[in-house]
Every structure is written in structure tokens, then in C-alpha cells.
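Structure, as C-alpha cells:
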Amino acid sequence: DGDELMVTGQKVWTTSAHKAEYGMLVARTDWDVPKHKGISFFFLPMRQPGVDIRPIKQITGESHFNEVFLDGARVPAENLLGQLNDGWRVLQTALAYERSVMGDLARGPRRTGTAAVDAEDQEDLPETGSATDVDLGALARAVGRADDPVIRQRIAYVHSLRTVNRWNAQRAKAQLEQGTSAPILSLGKLAMSRILHVGAKVQSEILGAEALLAGADHPRADDANFLALNAYFTSIGGGTDQIQRNIIGERVLGLPREPEVDRDVPFREVRRPPVVR
């Protein structure tokens with residue numbers, strides 16, 4: 001419409017959409033080419049009519065993620081990044097950097113005792129560093145379980161995962177600096193997901209029955225439970241664990257691709273469920 005594009009569609013799991021002034025919009029601009037073509041990458045002004053943002057309540061009580069519904073939202077043509085219909089290439093670069101961050105950093109425990117705080121305010125509370133900084137050895141000593149051989153083995157396993165992932169992150173960043181999309185980043189992102197789940201599980205094992213408690217009066221258990229629940233964020237965000245396994249299998253290990261019957265079919269001819277309005 002003139003020098004603007006009008007966009008209608010929806011997206012689930014949009015991080016911080018309720019705070020953003022702009023969103024990274026990947027929109028189909030050509031329906032007569034196969035699915036990975038005909039896509040364009042824009043910066044979408046979020047604070048305008050036609051943009052409906054609905055927060056999703058997480059199991060941690062927070063709302064970092066949202067559903068976003070676009071109904072005739074407008075984006076200036078000058079907000080295009082890269083070439084028209086070549087947005088998939090731009091997106092791969094954006095995802096590579098996102099996975100680099102998610103494979104390198106992990107949200108730490110929130111400040112204990114926030115159960116009565118509104119979810120919107122909870123997001124601005126300070127955290128106690130990264131989840132990978134949690135000192136499981138110190139926790140085991142604090143509860144008198146540092147000499148337990150099983151606990152010691154569990155802690156050593158988590159430490160080895162963290163160390164190998166750190167090396168892998170250095171390798172992937174070196175590839176990024178050379179201008180590649182670095183599919184190896186999927187390995188780091190998947191590894192971080194496993195580190196968070198295993199680390200939270202070991203944290204709960206160290207605490208034993210104490211891990212059943214929660215709230216400000218039980219800060220160690222509250223931290224452990226929060227990290228266990230929040231680990232699912234990394235399993236979903238930036239491409240699910242299952243997607244990362246596909247990428248690793250095909251682009252890192254060179255395994256055969258999964259069958260794609262619609263790979264060369266114009267997008268408007270791809271079979272999909274009917275739209276219900």
C-alpha cells in the first residue's frame with residue numbers, strides 16, 4: 001500500500017514482545033515460490049494499531065513470551081533488511097547469533113521470595129548470575145553431602161558438560177567471525193539445554209527432601225525448583241531441541257535429510273489445514 005507493506009498473521013513464543021518497540025518480522029512476500037524462498041525480513045514497529053500482544057503465563061509465574069497477532073499492521077518498505085524475498089538468508093544469520101548466546105549463557109536463579117510479585121515486575125528483578133555458575137560442590141558441602149560418591153560423580157558429570165560446551169562455543173564463535181552461519185552453534189545450544197536440565201536435577205538430588213520446599217523461607221530449594229522449571233525455556237527458545245538435532249544430523253554429521261515432499265512446491269500449493277476465522 002504505497003511505500004508500506006500491510007501484514008496479517010500470527011506468531012507464538014515471541015520473547016519480550018510486550019516491551020519491544022520493534023520486532024524482527026519474517027513475512028511471506030511471494031507465494032509462488034517454494035517455502036524457503038519468497039520470504040522477507042523486516043523491522044516491524046510494534047506499537048501501532050493492528051498489533052495485538054497477548055502474554056503467555058509460564059510455569060515459573062512469569063510472562064517473558066507472548067502470542068502476537070497482526071491484522072493489517074504496517075511496516076515501511078525501507079524497514080526491509082537484505083533483499084526482498086531473500087529473508088531466509090538473513091534469518092539464518094540472526095538465528096546463528098541467537099543460538100550462540102543461548103549456548104553460551106543461561107539465566108540464573110531469580111531473587112528468592114518473589115511469589116507475591118506481579119509477573120511483569122518479576123522480569124525486572126535481579127538474578128544471581130548464570131545457571132552454569134551455580135556451584136554444586138559448594139552446595140553439597142553446605143548440606144553435608146560432599147563425601148557422597150554418587151553426588152560427587154553427578155557433580156563431575158555436570159562440570160564436564162559445562163567445560164566441553166565452553167570449548168565448543170569458542171569453536172563456533174571462530175566460525176562466526178569467518179562469516180559463516182556456523183551450524184555447530186546448534187550443538188552448543190542443544191548442549192546448554194541438557195546442561196540446564198541435568199544441573200537442576202543434580203541440584204535437587206543434593207538437597208534431597210529439602211527440594212520439595214519453596215518460597216523465601218527456603219532459598220536453596222526455591223532456586224533449584226526455579227532453575228528446573230526455567231530449563232524448558234532453552235529447550236524451546238531459539239529452535240527446539242528436536243530442531244537442533246535435525247540441524248546437527250544433517251549439517252554437522254552429514255546424515256541424509258528427512259524427506260520433504262513439498263521442498264520444490266510453490267508455497268501457495270503446499271497442503272495445510274484450513275484457516276478458521
- Query: If you scan segment 16-49, which residues turn out to be among the small types (Gly, Ala, Ser) and touching a helix residue (DSSP H, G or I) at 6+ places or on another chain (Cβ under 7 Å)?
  - Reply: 38, 40
- Message: Given the condition more than 16 Å from the chain's Cα centre (by Cα), among the hydrophobic types (A, V, I, L, M, F, W, C), under 23 Å from residue 91 (Cβ atoms) and open to solvent by less than 100 Å² (accessible area, probe 1.4 Å), answer yes or no: does some residue in segment 235-251 qualify?
- Response: yes
- Query: Of all the residues that make up segment 9-61, how many are out of contact with any His (no Cβ under 9 Å at 6 or more places or on another chain), assigned to a strand (DSSP E or B), over 20 Å from residue 79 (Cα atoms) and among the β-branched types (Val, Ile, Thr)?
  - Reply: 1
- Could you please tell me which pairs satisfy a Cβ distance under 9 Å, a separation of 6+ or placement on different chains, a first residue in segment 161-177 that is polar (S, T, N, Q), and a second residue that is at pLDDT 80 or above and open to solvent by less than 50 Å² (accessible area, probe 1.4 Å)? 165/188; 165/191; 165/192; 165/195; 168/188; 168/191
- Do you know which residues across segment 47-106 are open to solvent by 50 Å² or more (accessible area, probe 1.4 Å) and hydroxyl-bearing (Ser, Thr, Tyr)? 93, 97
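Considering each of 68, 75 in turn, give the residue that is assigned to a strand (DSSP E or B), among the β-branched types (Val, Ile, Thr), more than 30 Å from residue 230 (Cα to Cα) and modelled with pLDDT of 95 or more.
Of the residues listed, the single one that is assigned to a strand (DSSP E or B), among the β-branched types (Val, Ile, Thr), more than 30 Å from residue 230 (Cα to Cα) and modelled with pLDDT of 95 or more is 75.
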- Checking residue 263 against (1) surrounded by 14 or more Cβ atoms within 10 Å (Cβ to Cβ); (2) closer than 30 Å to residue 37 by Cα; (3) in contact with a Lys or Arg (Cβ under 9 Å, 6 or more places away or on another chain), which single condition isn't satisfied? (1)
- Taking segment 216-244, which residues are in a loop (DSSP other than H, G, I, E, B) and either over 22 Å from residue 136 (Cβ atoms) or among the acidic types (Asp, Glu) (or both)? 216, 217, 237, 238, 239, 240
- Query: If we scan segment 197-219, do we find a residue that is at pLDDT below 90 and loosely packed, with under 13 Cβ neighbours inside 10 Å?
  - Reply: yes
- Item | From 174, 221, residue being among the small types (Gly, Ala, Ser) and farther than 22 Å from residue 60 by Cβ | 174
- Item | Residue in segment 1-29 that is modelled with the lowest pLDDT, counting only those that are open to solvent by less than 40 Å² (accessible area, probe 1.4 Å) and either under 29 Å from residue 260 (Cα atoms) or of a type in the set (Asp, Glu) (or both) | 14
- Message: Give me the residue from segment 175-196 that is in contact with a Ser or Thr (Cβ under 8 Å, 6 or more places away or on another chain) and modelled with pLDDT of 85 or more and, out of that set, surrounded by the most Cβ atoms within 10 Å (Cβ to Cβ).
- Response: 192
- Within segment 251-277, residues assigned to a helix (DSSP H, G or I) and modelled with pLDDT of 90 or more come out as 267, 268, 269
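The values are calculated or read from the model by the stated rules, or taken from the named source; none is laboratory data. Everything quoted here is computed from the prediction, not taken from an experiment. Cβ coordinates were reconstructed from backbone atoms using ideal geometry, including for glycine residues, and neighbour counts include every protein chain displayed. Areas reflect the complete protein model, heavy atoms only, side chains present, ligands, DNA and RNA absent. Shrake-Rupley method; radii C 1.70, N 1.55, O 1.52, S 1.80 Å.
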